[in-house]
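Visitor: For reference, the structure I am asking about is given below.
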Amino acid sequence: MISKGIRTYLFFAKLDVQSQLKYPLDFFVQQLIWLVYTIIPYLGLRILFENISTLGEWTVYHVGILYGVIGLAYDLSRMLGRSLDDFHKLILRGELDLFLLRPVSLPLQLFGSNVFLRRLAGIVQYLAVLLYSIHKGMAPSAALFAGILISTLGTFLVFLGLLFCNATLCLFTVRKSLFSELVVDTTATLGYYPLKFMQKAVRALFFTVIPVGVTAYLPISRLLFSRHALATAASLFGSVAGGALFFLLTLKLFTYSLRYYKSCT
């Protein structure tokens, strides 16, 4: 069953990727534009640290690692979950009706039907910043890279869950809401910086309702500053568990809300 689902996803994704690569020059130009667009937040980060040497114990390289984790998770979710971001279009064009008629998992069809390759430029940029920050600010080790990978996975699941929340809202509003811009983008932007220095209300939000504090900030801060291996391991477990739980809850909410869907065609 799992292998069949993977084959189905790869089939839909292959068709979409091939259609985007039909015009290689246009694809290349889009990548360049997107690379410039995604580097702007990091330039802002560097400018901030031109005026101050550190934020508490956080140097520019420590924040760069957190920035890389949040950015990778965000852009990966936006690349693979593009159909959830544009879910209102599927409803208005009647494409959701076709998806529901097929004897194939709806989430798999959504993930495979629109792979937003433009996000590759952002992924490359975030990965470059992450590796550069590790090289300059830390002693690289297998444990560090494994921890960063685990934290990125947990945070990716949170962002994917937020996109499912966006799709759920579209089932009731039909039109595009501001949820994606106000919640998903703002979560990524605020997540670039250590939550320790933010307002209590923001910290409470990101440790409870939208758990990027659990999946990104806490495990990364443990990896960078904690000498207690057990506490670090617990935070990494919490990252995956928290991200998976949030994702499964939002997926369940989306699946439940489908029973109230009314076709627009």
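Visitor: Taking 51 Å as R0, compute the FRET efficiency from the Cβ-Cβ separation of Val202 and Phe11 and round it to 0.05.
Guide: 0.75
Visitor: What is the distance, in nm, between label points placed 7 Å from the Cα along the Cα-to-Cβ direction at Phe27 and at Cys264?
Guide: For the pair Phe27/Cys264, the computed spacing is 2.9 nm.
Visitor: Taking all protein chains in place and a 1.4 Å probe, what share, in percent, of the accessible surface of the range 1-118 do carbon and sulfur account for?
Guide: 69 percent
Visitor: Continuing with this model, one more query. Picking from Leu163, Leu253, Ser226, whose Cα lies most toward the positive end of the charge dipole for the chain (charges on Cβ: Lys, Arg +1; Asp, Glu -1)?
Guide: About the Cα centre, the residue reaching furthest to the positive side is Leu253.
Visitor: How high is the FRET efficiency from Leu131 to Ala233, r the C-beta distance, R0 25 Å, rounded to 0.05?
Guide: Plugging the Cβ-Cβ distance into 1/(1 + (r/R0)^6) gives 0.60.
Visitor: Please compare each pair in Lys176/Lys262; Lys89/Lys252; Lys22/Lys262 to a cut-off of 26 Å on the Cα-Cα distance and tell me which ones are over it.
Guide: Those over the limit are Lys22/Lys262.
Visitor: Ranked from highest to lowest mean number of other Cβ atoms within 10 Å per residue, what is the order of the peptides 50-61, 30-41?
Guide: The peptides rank, most packed first, as 30-41, 50-61.
Visitor: At a temperature of 4 °C and a viscosity of 1.567 mPa s, determine how fast the range 101-199 diffuses translationally according to Stokes-Einstein, using the Kirkwood radius over alpha-carbon pairs as Rh; express D in µm²/s, rounded to the nearest whole number.
Guide: My calculation gives 79 µm²/s for D.
Visitor: On to the next question. Quick one: length gained pulling Ile39 to Leu182 fully straight, 0.36 nm per residue minus the C-alpha distance?
Guide: Here the segment from Ile39 to Leu182 would lengthen by 49.4 nm.
Visitor: Continuing with this model, one more query. Could you pull out the longest piece of the chain with no exposed loop trypsin sites (Lys or Arg not before Pro) in it, calling a site exposed if DSSP puts it outside H, G, I, E, B and it has at most 10 other Cβ atoms within 10 Å?
Guide: 23-174
Visitor: So for the range 12-64, considering every pair of alpha-carbon atoms, how many percent are separated by more than 15 Å?
Guide: Beyond 15 Å sits 64 percent of the P(r) for the range 12-64.
Visitor: Which value in nm describes the separation of the simple spin-label points at Phe145 and Leu92, placed 7 Å from the Cα toward the beta carbon?
Guide: 4.5 nm
Visitor: Further question: Send over the per residue convex hull volume for the range 1-156, Cα only, as a whole number of Å³.
Guide: In the range 1-156, the Cα convex hull volume per residue is 147 Å³.
Visitor: Then there is this: In whole Å, what three semi-axes, largest first, describe the equivalent ellipsoid of the range 116-265 built from its Cα gyration tensor (square root of 5 times each eigenvalue)?
Guide: 31, 17, 14
The values are calculated or read from the model by the stated rules, or taken from the named source; none is laboratory data. Only a predicted model underlies this, so the values are computations on that prediction, with no experimental measurement involved. Cβ: placed from backbone, ideal geometry, glycine included. Neighbour counts: every protein chain shown. Side chains included, ligands, DNA and RNA excluded: accessible areas come from the protein's heavy atoms. Shrake-Rupley method; radii C 1.70, N 1.55, O 1.52, S 1.80 Å.
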